[in-house]
1. Out of curiosity, is residue 255 assigned to a helix (DSSP H, G or I) and either at pLDDT below 95 or surrounded by fewer than 18 Cβ atoms within 10 Å (Cβ to Cβ) (or both)?
2. Assess whether residue 162 counts as being small (Gly, Ala, Ser), surrounded by 15 or more Cβ atoms within 10 Å (Cβ to Cβ) and closer than 19 Å to residue 61 by Cα.
3. Just one of (1) under 30 Å from residue 377 (Cβ atoms); (2) not in a helix (DSSP H, G or I) trips up residue 263, so point out which.
4. For the stretch 358-373, how many residues meet the condition of being at pLDDT below 95 and either surrounded by fewer than 16 Cβ atoms within 10 Å (Cβ to Cβ) or outside the structural domain of residue 338 (by TED's automatic domain parsing) (or both)?
5. Residues of the stretch 53-74 being polar (S, T, N, Q) and in a helix (DSSP H, G or I), which ones?
6. So residue 77 ticks every box in (1) part of a helix (DSSP H, G or I); (2) at pLDDT below 95 but one. Which box is left unticked?
7. List the strands (runs of 3 or more DSSP E) inside the stretch 302-397, counting only whole elements, that have at least 1 residues being of a type in the set (A, V, I, L, M, F, W, C) and either in contact with a Leu (Cβ under 9 Å, 6 or more places away or on another chain) or more than 30 Å from residue 200 (Cβ to Cβ) (or both).
8. Does the stretch 127-137 include one or more residues that are in contact (Cβ under 8 Å) with a residue 24 or more places away in the chain and not in a helix (DSSP H, G or I)?
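The values are calculated or read from the model by the stated rules, or taken from the named source; none is laboratory data. As the structure is a computational prediction, the values presented were derived from the model and not from experiment. Every residue, glycine among them, receives a Cβ derived from its backbone with ideal geometry; neighbour counts consider all protein chains shown.
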Amino acid sequence: MNLTPTLSQKQFVVFKGGTAFNGIIRDFQKHFPHTTYIVPITDDGGSSKEIRRVFGGPSIGDLRSTLTRLSDESTPETCAVKKLLEYRLPNNDASAATAEWHNILEDNHPLYTHISSKYRGLIRCFLCKFEAERLYRISGHFDMRNGSIGNFFFSGTRMILGSLETAIFMYSSVAKIHSATQVLPIIDSNDRLGVGVRLQNNEVLIGQHTISHPAERGLVNKESYIPLPSPIKELFYVDKFKNVIAPQPHPEVINQIKRSEAIIYGMGSLWTSIIPSLILEGVGEAIASKNCSKIVLLNSCHDRETSSISALEYLHHIIDSLNRYGVLKNPPQAYITHLFIVEGTSIPIDELKIKRAGIKICKISQDTHKELSTQNKKYPVYSSDDLISSLFKIVDN
């Protein structure tokens, strides 16, 4: 693939979140380093759930996941730092998890091999802060199983520096992420925020994992799901008391949208990973004001949040969210110019209706070496090469 250096300087905004975009993010970053990834802060499952339970504050799991995957891997030391920050403690033995955590705190773990003393000292400083605050605050048990070292590091950084944005800057510096790349929380807040949805039958669900991956007998299985009792109609934010609120977006998010030369809505959980970044005041206005390519990467299959809907309905949910359910009156093409569809997607595509809405369809080949497993079925994933090549063609026009 012959990609010109000039195009690689284009400024992109990607509405990310979740893990689905992670499969292409490293290849994407190689060709589009001047990208701002916008990430929600409302995940309430996994390691993030335990941290939020004890410390409150925003969820940092999706932010940490994005930052880790953007980390430099060009030297043995940067590879080792990445490996340490993406490491998870044992999942099936609480005693083993606690023992290994203490070895990491005490600088007595093989993960520190190839990491210089200055980096060890910096990383352990923030990990020890997390541990000190954990011991000070807990009233009862803190479950260390499956704990993410990156989440603990990120949390300690935020506690010392007092700011989510500054913690992201520190994490980016330690992980040596490209200076032109930004990872932004959609909301810059130290509060514990959540999301809720109203279904078409008017039932209300609160909490990302209640919506997306509810636990069965205490366990979350992301590869299977029980369908919702009714399709989702709209999403809203809630505070820690479950009161409906209307938070403001991070001002830099709006600034980056205004500077962008292409906007991408990434694949992933539509209602809990993408739409939380779209419904905030000012986001729809900023996107509609841009004369640039605005591209939706459609999922290859349904999940609990989008079960049975068509691609056209998928697009309408994005448009309605950006219009804030009637506050704005912008037409579809103000928000979406292109729809990318992976070859073999199981989601119904009404090409004629989509084209009538002023949206162009671009079909992307699937990666022949990868696949997505869910609901005991196999689904295709995007070919990074074909997706990136198609983006270059669109942005170059």
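1. On the way: assigned to a helix (DSSP H, G or I): yes; either at pLDDT below 95 or surrounded by fewer than 18 Cβ atoms within 10 Å (Cβ to Cβ) (or both): yes.
Taking the combined requirement at face value, the residue satisfies it.
2. Values: small (Gly, Ala, Ser): yes; surrounded by 15 or more Cβ atoms within 10 Å (Cβ to Cβ): no; closer than 19 Å to residue 61 by Cα: yes.
Spelling it out, it is not the case that residue 162 is small (Gly, Ala, Ser), surrounded by 15 or more Cβ atoms within 10 Å (Cβ to Cβ) and closer than 19 Å to residue 61 by Cα.
3. Tallying (1) under 30 Å from residue 377 (Cβ atoms); (2) not in a helix (DSSP H, G or I), residue 263 fails exactly one: (1).
4. 5
5. First, the residues of the stretch 53-74 that are polar (S, T, N, Q): 59, 65-66, 68, 71, 74.
Correct list: 65, 66, 68.
6. It is condition (2) that residue 77 fails.
7. Values: elements: 338-342, 360-364, 372-374, 377-379.
Where strands (runs of 3 or more DSSP E) fall fully within the stretch 302-397 and carry at least 1 residues being of a type in the set (A, V, I, L, M, F, W, C) and either in contact with a Leu (Cβ under 9 Å, 6 or more places away or on another chain) or more than 30 Å from residue 200 (Cβ to Cβ) (or both), they are 338-342, 360-364.
8. Kept after step one, since they are in contact (Cβ under 8 Å) with a residue 24 or more places away in the chain, are these residues of the stretch 127-137: 127-131, 133-134, 137.
Filter once more, keeping what is not in a helix (DSSP H, G or I): none.
No - not one qualifying residue is present in the stretch 127-137.
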